[in-house]
Structure formats: C-alpha cells, structure tokens
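Below: the structure, in structure tokens.
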Amino acid sequence: CHVEQMYQHVDLTGLAREYDGSTINPPTPPRGTEMNAPSGLPDSETIDKYFVFVHGYNVSGYKARGWNAEVFKRLYALGSRARFVGVTWNGDTGLDYHKAVFQAFQTGDGLRTALGLPAGADVTVAAHSLGNMLVSHAIQSGGFSPQNYFMINAAVPLEAYDSSVLDQKGIGSAYEVMTESSW
C-alpha cells in the first residue's frame, strides 16, 4: 500500500488570497483533501487521538507531500498509532517571506473548520518554521484547541507567546545574549 493511503490530508491552499484579494494558483498542485478513514490504515488499527502536522515556508505542494509522508512514517515507526493528518498550505511564495506570513494568517483562520475533527478530540499538532504562525493564529483567533503543540524551529519569537520572558532571569538573559548588539 502507498504511504499516502495510511493517513488523512487537508489542503488549505485555497484559503489564502493575494494582497488584492484575488485567487492564488499554487505553482505545484497539492494533494487534495482526504479526511475519510485511510484505506491503508483503518481507524480500527489506530487510537482515538489525532496528530496534525503543518509544514513551513517555501514548501511546494509536491514537497509538502514528501514532508507529510516522512513525518507520518517516522512517527509510525516509533510506534505512534494516532490518526495522522498532514496539512498543506500555500507557503510556497518563492523569496517573498512577508507574503507567506500574510497567507499563514489567512490560512490559520480556517484550520479548525477544515480539519473537521470531532468536538473535544485529543489533538496534538506539530508545525515547522512558519507553519507555527498558521497554527498559533488558529489557536488565538480561529478556535483551534489542541491538547499539545510542538513548535519545530518556530519562525515566531518566544515573546510573541509570553512577553514576560524578556524580564525574567535565565530565559531573558539567554534572549539578550542571542540578540544582535546593534538592535
């Protein structure tokens, strides 16, 4: 069985718009949304938990398929039997990082609804890089409430989540050491 038949997928590329409101046509078409029980790994072989993975910036629809498959395979090999959901969003903006940030915010508004998970579902989400902007916005403004949230190389500063880190000893001190002196 093909690995993509073992997990669910949500295509969110249609949620973001250009600055002028026009539709975006991703350079590489993503895998379509498939939220039915996967034929290669029926729900009877999983537990009643969900693991949602969101890729980061400058990832094409084709590369997103690779990211999702790789993360699923690694978790499965480690023994996870959670229902895996790979998420693709339109962060493939070439070198226009700010446009990707704009699109991450737009996409975050619709993440919870697009996932369509049961109310009260036990959800763990992991996001890479700018995917964390999408997930964080979904939590803050889109009604998304995961049980656990893993931020991998997050493209969001720590003080965006907790401003007190700037005043604390330890984390604040490390932050100051890592800050460019000319800032």
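Using the Cβ-Cβ distance between ARG81 and THR28 with R0 set to 30 Å, the FRET efficiency works out to roughly 0.45. Simple spin-label estimate for GLN140 and ALA37 gives 3.9 nm between the two label positions (7 Å along the Cα-to-Cβ direction from each Cα). Diffusion of the chain by Stokes-Einstein, at 25 °C in a medium of 0.890 mPa s and with Rh set to the Kirkwood radius over alpha-carbon pairs, works out to 142 µm²/s.
An oblate overall shape is assigned to the stretch 56-122, the ratio a/c of its alpha-carbon gyration tensor axes (a ≥ b ≥ c) being 1.5 or greater and a/b not exceeding b/c.
Compactness of the stretch 1-79 is given as radius of gyration and Dmax, 14.3, 46 Å, from Cα positions. Roughly to the nearest percent, how much of the accessible area of the chain is carbon and sulfur, given a 1.4 Å probe? In the chain, the share of accessible area belonging to carbon and sulfur is 53 percent. Using 0.36 nm per residue and subtracting the Cα-Cα separation, the extra length available between GLU18 and TYR97 on full extension is 27.1 nm.
For the peptides 110-122, 42-54, residues were scored by their other Cβ atoms within 10 Å and the scores averaged per peptide; the highest-first order is 42-54, 110-122. Taking the alpha-carbon distance from LYS63 and a cut-off under 14 Å, which aspartates and glutamates remain once sequence neighbours fewer than 8 residues away in the same chain are dropped? Leaving aside aspartates and glutamates fewer than 8 places away in the same chain, those within reach of LYS63 are GLU4, ASP11, ASP92. Of the residues SER80, SER164, SER136, the one that moves most in a GNM of the chain with alpha-carbon contacts below 10 Å is SER164.
Counting only DSSP beta bridges whose two residues both lie in the chain, roughly 10 percent are antiparallel.
Accessible surface for the stretch 49-130, divided over its residues, is 43 Å² per residue with a 1.4 Å probe.
So what's the angle, to the nearest 10 degrees on a 0 to 90 scale, between helix 61-77 and the longest Cα principal axis of the chain? So the inclination is approximately 80 degrees.
The values are calculated or read from the model by the stated rules, or taken from the named source; none is laboratory data. Just so it is clear, the model here is predicted, and its values are computed rather than measured. Using ideal geometry, Cβ is built from the backbone for each residue, glycine included, and neighbour counts are taken over all protein chains shown. Heads up: the accessible areas ignore ligands, DNA and RNA and are worked out on the full protein's heavy atoms, side chains in. Shrake-Rupley method; radii C 1.70, N 1.55, O 1.52, S 1.80 Å.
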